[in-house]
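Data block below; observations after.
Please treat every number below as a calculation from the coordinates, not as lab data. None of these values were measured; they are calculated from a predicted model. Glycine gets a Cβ as well: all are built from the backbone with ideal geometry, and neighbour counts include every protein chain shown.
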């Protein structure tokens, strides 16, 4: 399973385990959480190489910043949720739709899952 499994939610761990994804590197901003000894130690324990963006260069993380906007528009604030539990429960369905069914123009109107290679069972 993924080296990062200790840092993920149970649903995320299960999803990654099904895909057999191994996390090797993590690119983060320079927030205090990513400069902490706890972060450094956990990455070392899991065999992950942490990398940080250059300070004051948000475009370095442009893809994730755009994903956050899409996440907010498509899931977090797309509709009214009766409570935070309902919002959280809707997330996994939205992520599945985003990764497996939503066409992305940057990759020829294919979903992101189509870009992964060597998925378990892909060539059987």
In nm, to one decimal, how far is the modelled label at residue 113 from the one at residue 91, with both set 7 Å along Cα→Cβ? 2.0
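Would you please give the FRET efficiency between residue 36 and residue 102, computed as 1/(1 + (r/R0)^6) with r the Cβ-Cβ distance and R0 = 41 Å, to the nearest 0.05?
Values: r = 34 Å, r/R0 = 0.84.
The pair residue 36/residue 102 has a calculated efficiency of 0.75.
Using the number of other C-beta atoms within 10 angstrom as an exposure proxy, rank 67, 80 with the fewest first.
Neighbour counts put them in this order, fewest first: 80, 67.
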Can you work out the FRET efficiency for the pair residue 61 and residue 81, with r the C-beta to C-beta distance and R0 = 30 Å, to the nearest 0.05? 0.65
